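Some notes on the structure that comes next.
The values are calculated or read from the model by the stated rules, or taken from the named source; none is laboratory data. Everything numeric in this text was worked out from a predicted model, so none of it was measured. Note that each Cβ is placed from the backbone with ideal geometry, even for glycine, and that neighbours are counted across all protein chains shown.
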C-alpha cells in the first residue's frame, strides 16, 4: 500500500488542509510541475532500460538472414528461430535442471538458515559468539575461490555430474542467516515466551510462532536464493558436464548450437533462457520488492 | 504490507532485551541450539569453511589440477610468484578499474531513480519492472544480448552511434573500451537491485518530516537534501559496500563476453584465478592468487564494518 | 534436567509458508517433470543413461557441428544397438578445462575430440588412454593407414594416444563475383596465384574498390585465435620459431616478427584494407554479405558460406614472404580419456566408434578438412571434391604449434600472441610494444615448471 502512496508530503499536506493559504497553493503547483518533470525523466530512462530486451526480442523474430541489416522493422516475422532452438538444443532439460536445483537450493537455504538464525537469535549457548563470527567470515569469502576444493570434495564422493553437486554447495548462505537473525531479533520475545509458557518446545516455537511472523524474510531469502542459484554460472559450469543436466546459464554459455549467421537463433535462445525468471518476476513483483524492503537487507 | 514494515521496525523501537542467562541456562539450551545449528553448520563447514581451509593449504603447495594430492611443498613460492607477476597485478587493477567504473553510476543512478520514483503516483510498477527486470536475467542471457548489441558495424549501438554521424568505438574489441562496455552492461543489468534497496529505504523516511518541512516552505530539492539524503545514509553505506564487493567479484561478464580480452584488458582477478587454476592446471598457484584476492575483499568488508559501527553509534 | 524434545527435520507446515511462490513454480515445473523422468533420475539418482552407450564429446560449432552430427547419425544408423550420446561444448580453453575436469573427476566421456597440439599436454597429465597397436589392429586402424605427418606428430615417446582425423589449415576464402570484377580470377574462374607482400596488398585493394568497404576480413575482437593463425602463417614463411626445448626457452625473432606485424598493421590500420574491428561472427557476416572480397579463416567455415548461397572459392593462404610455403594448421584427433572402469567391451565400443568416424571421412572432408585417413584421402571421391581438394597440399605445408605445456590450439600461448597481434591490427599497439608484451608474458609461462 505504501508503494501506491503518492508524493511524500505534498499530497498529505493538501488533504489535511493544514496550509490553506495562497502560499501553500503556489508551493503545491510548483510541486506538481516538479513531479511531472520527474515522471518524464524517469519514463525516458525506463524506456531506455527496456531497449536491449526489446531489441533482442525484435531480432529473434526475424529470419536469420535479415538480422545483418538491422532495423527495428520486422519484414517477415517468424518463430522459426524459436522452433530451431527448442528442437536442436536441450533447453527444455536445462529448464528442468535450473528449476530443480534452484528450488532445492532455495528450500535448503530457507530451512537451514532460518534454523541457525533462530538459535543465534533466541538460544543462549556457550559458543554463540564463535558461531556468529564464523558465519560472518563466510560473508566475505567469494564463492568463486572455493570451487577447486569443492570440486575435489564432490568428486571424491562421486557426486559430480548430478544435481546434488549443483545445489548442495549453494545451500549454506551466510547472508541468509543474517537476514533471518535480524528479522527474528525484531520479533518481540514476549510472543515466544508465551508459547514456551504454554509448554511448546523450541522447535514448535520456531515453527508455529517465529516462522509465521517472518513471512517477508522467508520470501525474500527464498526468492533471492532461487534467483542467485538460477543465475549462478561458474560452479554449475564445473560441476556438470552432462548437457541434459546443465542449467540454463551453463547450457547457453557452453553448448554450441546451430551454425552460420545466426543472430536470430542466438537471441531466441537468450529470450527463452530469460523467460522463466521474467515470468516469476512478473508474477511476484510486489513480493520481491517487499522482500527486500521487509528484511534486514535494507540495513 | 503493514506486518512487513512493522516487524523489522521493532529493531529500533523495541530492542529485545537480551534474555538473562547464567551458566546453567546455557547448558540447558546448548543441546537444542546444536540441533538448530547442525544442518546449517554441517553444510557450511563442508562447503564453505572446509574448502576455504583446504584452499589455503593448497596455496603453499605446487598442487596440480590433474594430479591427486597436494603435490610438492612450495612454501611461499606461489605467493612470491603472484606478487611478482605483472599479470596478477594487472588483473587486480582491472578488477579495481571495473569497480570504479560501475560503483558510482550504480549507486547514484539507483538513488536518483528511486527519488524520482517516490514522486510518481501511478504506474510505479512499470518503473520497478523496467529497472529490476534485467536483474533477474542469467548472466549468460545478458551476455548474449549485449554481445549482439555491441557487434561492430551490425549491432544496435554501433549503428545508433553511426547514425548520429560519430564513429562508434569498437566496443568489446578496443582494449580502451572493452571494460567500459562491460561496465555499461553491468550497470544495465544490476541497477535494479540497488534501485529497490533505495525504494525500501525511502519508505522508512517518516512522512511527518516532509509535512513539517512543507509547512516551513521547503521545496522538493531542499526536502531531498535536508531530510531524505541524511536519512538514507545507512542505506547508502549498505548499497555502496554490497556494490563494491559484488563488483570486485566480477567474473561472468568477462568470462562469456570477452574471455578477459582483448589483449587481456578485461581479465579480472577471478578470471585470472580461473585461467591459472583450470586452464593451466596450476591449482596451488591459483589458490595463492585467490587468497591474496580474498585479503582485498576482506579489507573492503572491514571498512564497511567500521563504517556501520560508527553510524550505529552516531544514531 | 531434561532437554526439550529434539528437533526433527521440519515437516510440511513450515514449507507451506513459502506459499504462493513455490506452489506456482512447482505447478509450472510439474508439467515438465512428468515429461522428463530420465533427467530427473540422472540428476538426483545418478542412473546411468544407457548401459552399453558411447559418450562422445566434441567442440565443433559452425559447419563442423553439422557435419559431425551427420557422422553421428551415420554411426547410429549402422549401430542401433549402441546408443551414442554426443555432446558439443564451446570451443577452446573451456572445452579442455571441462574435459580435464571430467577426467580428473572420473566422469570422462568414452571418446573425445582433441586438437593434436593439445593432446600432448593431456598425455603428460595422465588423462589419456594409450592406444595399443593390437587394439587398433582389431579395428583395422594400422599406423600406415594415416597421413604420416599427422600420425608421427601425434606420437608421444613412440606411443599412440590419438587417432588423427584431419589436418585443418588456415585458408583464403574469396568471393568469386567480387574477384571476377576486380580482375583477380583466371580463365577457369580460379584465383590467380598471389605471391609477395605487394601482390597480396594489391589484390585486397582491388577487391576493396569493388566492394566499397574492405578487401578482406578476419576475426580480431574477442578472438585471439584468428590473429594468431595469421601471424603464425606469415612468421613461419620467414622460418621464424617461437619456442624451443619443450616451451622452456623463447626464441622469438624480433626482426621477423616486426616485419610480419608491420605488414599486418599496414593492411588494417594504415591502408584500411581489412577492418581493425570485427569479431569472428562479424567478419564472417561481412564476407557473406559481400562487404569484402576475401576472408581469412580456417577451412571449416566452408559450410557457412555454402549455406549463405554465395559463390566463393578457397585456396592456400598465399606465400607472402617468400620462404617455404607454410600455413598454420592443426589436426583434430580422437582420444580416449583415461577412466578407472575401462574394460575390454568399453574399449572396443569406443574404438568401433572411432573407426566409424574415419569411415565417414567424406562427410568430414565436405566440411573443408583435409583427411588423414588414407583409404579416403587417396580416393577419387576426395579428388573430385571441390573446392576442398584444391588446398590438400596444406597437409604437407602444415605448421603446428610448438610443443610446450601452455601451447596448442586455444591455449594461453595462442592467447598471448593472438591478443598482441590483434592489438596491433586494431591500432592499439605498435609492433615493438606487442613484441615486448609477448616476450614478457611468454617468459612468465616458460619459467613456470610444467604443472602436469
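When residue B:205 is tested against (1) under 23 Å from residue A:49 (Cα atoms); (2) part of a loop (DSSP other than H, G, I, E, B), just one condition goes unmet, and that condition is (1). Scanning the stretch A:156-183 for residues that are within 12 Å of chain C (Cβ to nearest Cβ) and outside any helix (DSSP H, G or I) gives A:157, A:158, A:159, A:160, A:161, A:162.
Only a single criterion out of (1) at pLDDT 85 or above; (2) within 11 Å of chain A (Cβ to nearest Cβ) is not satisfied by residue B:212, namely (1). Of all the residues in the stretch C:420-447, those that are out of contact with any helix residue (DSSP H, G or I) (no Cβ under 8 Å at 6 or more places or on another chain) and at the interface with chain B (Cβ under 10 Å from one of its Cβ atoms) number 1.
When B:40, B:60 are checked against the criterion of being at the interface with chain A (Cβ under 9 Å from one of its Cβ atoms) and modelled with pLDDT of 85 or more, a single residue qualifies: B:40. Return the only residue of B:148, B:171 being more than 22 Å from residue B:105 (Cβ to Cβ) and either over 20 Å from the mean Cα position of the chain (by Cα) or at pLDDT 85 or above (or both). From the options B:148, B:171, the qualifying one is B:148.
Within the stretch B:262-301, the residues that satisfy the criterion of being over 15 Å from the mean Cα position of the chain (by Cα), closer than 26 Å to residue A:134 by Cβ and surrounded by fewer than 24 Cβ atoms within 10 Å (Cβ to Cβ) are B:291, B:292, B:295. Only residues that are within 18 Å of residue A:233 (Cβ to Cβ) and either at pLDDT 85 or above or more than 9 Å from chain B (Cβ to nearest Cβ) (or both) were counted across the stretch A:126-146, and they come to 1. Residues in the stretch A:40-71 that are modelled with pLDDT under 85 and more than 22 Å from residue B:181 (Cβ to Cβ): A:64, A:65, A:66, A:69, A:71. Within the stretch B:150-161, if we keep just the residues that are assigned to a helix (DSSP H, G or I) and free of Cβ contacts under 8 Å to residues at least 12 places away in the same chain, the residue that is farthest from residue A:72 (Cα to Cα) turns out to be B:161. How about the stretch C:207-230: which of its residues are surrounded by fewer than 18 Cβ atoms within 10 Å (Cβ to Cβ) and part of a helix (DSSP H, G or I)? The answer is C:209, and nothing else. Could you check, for the stretch C:375-391, whether at least one of its residues is under 19 Å from the mean Cα position of the chain (by Cα) and closer than 20 Å to residue C:171 by Cβ? Yes.
Limited to the stretch C:231-246, what total is found for residues that are free of Cβ contacts under 8 Å to residues at least 40 places away in the same chain, within 10 Å of residue C:326 (Cβ to Cβ) and surrounded by fewer than 24 Cβ atoms within 10 Å (Cβ to Cβ)? Of the residues in the stretch C:231-246, 1 are free of Cβ contacts under 8 Å to residues at least 40 places away in the same chain, within 10 Å of residue C:326 (Cβ to Cβ) and surrounded by fewer than 24 Cβ atoms within 10 Å (Cβ to Cβ). State all residues of the stretch C:247-270 that are part of a loop (DSSP other than H, G, I, E, B) and in contact (Cβ under 8 Å) with a residue 12 or more places away in the chain; if no residue qualifies, say none. Correct list: C:247, C:248, C:252, C:253. Only one entry of C:437, C:441, C:388 meets the criterion of being surrounded by 18 or more Cβ atoms within 10 Å (Cβ to Cβ), more than 27 Å from residue C:276 (Cβ to Cβ) and touching a residue at least 12 places away in the same chain (Cβ under 8 Å), and that entry is C:388. Find the residue count for the stretch C:259-273, including only residues that are within 14 Å of chain B (Cβ to nearest Cβ) and either closer than 16 Å to residue B:174 by Cα or surrounded by fewer than 22 Cβ atoms within 10 Å (Cβ to Cβ) (or both). Here the count works out to 3.
Farther than 30 Å from residue C:278 by Cβ, facing chain C (nearest Cβ under 10 Å) and without any contact (Cβ under 8 Å) to a residue 60 or more places away in the chain, is that true of residue A:107? No; evaluated as a whole, the condition is false for this residue. Anything in the stretch C:271-282 that is in a loop (DSSP other than H, G, I, E, B) and on the phi < 0 side of the Ramachandran plot? List them, or say none. Once the filter is applied, which keeps residues that are in a loop (DSSP other than H, G, I, E, B) and on the phi < 0 side of the Ramachandran plot, the stretch C:271-282 yields C:271, C:273, C:274, C:275, C:276, C:277, C:278. All conditions but one from (1) touching a residue at least 60 places away in the same chain (Cβ under 8 Å); (2) within 7 Å of chain B (Cβ to nearest Cβ) apply to residue A:186; the one that does not is (1).
When B:238, B:270, B:229, B:295 are checked against the criterion of being within 9 Å of chain A (Cβ to nearest Cβ), out of contact with any helix residue (DSSP H, G or I) (no Cβ under 6 Å at 6 or more places or on another chain) and assigned to a helix (DSSP H, G or I), a single residue qualifies: B:238.
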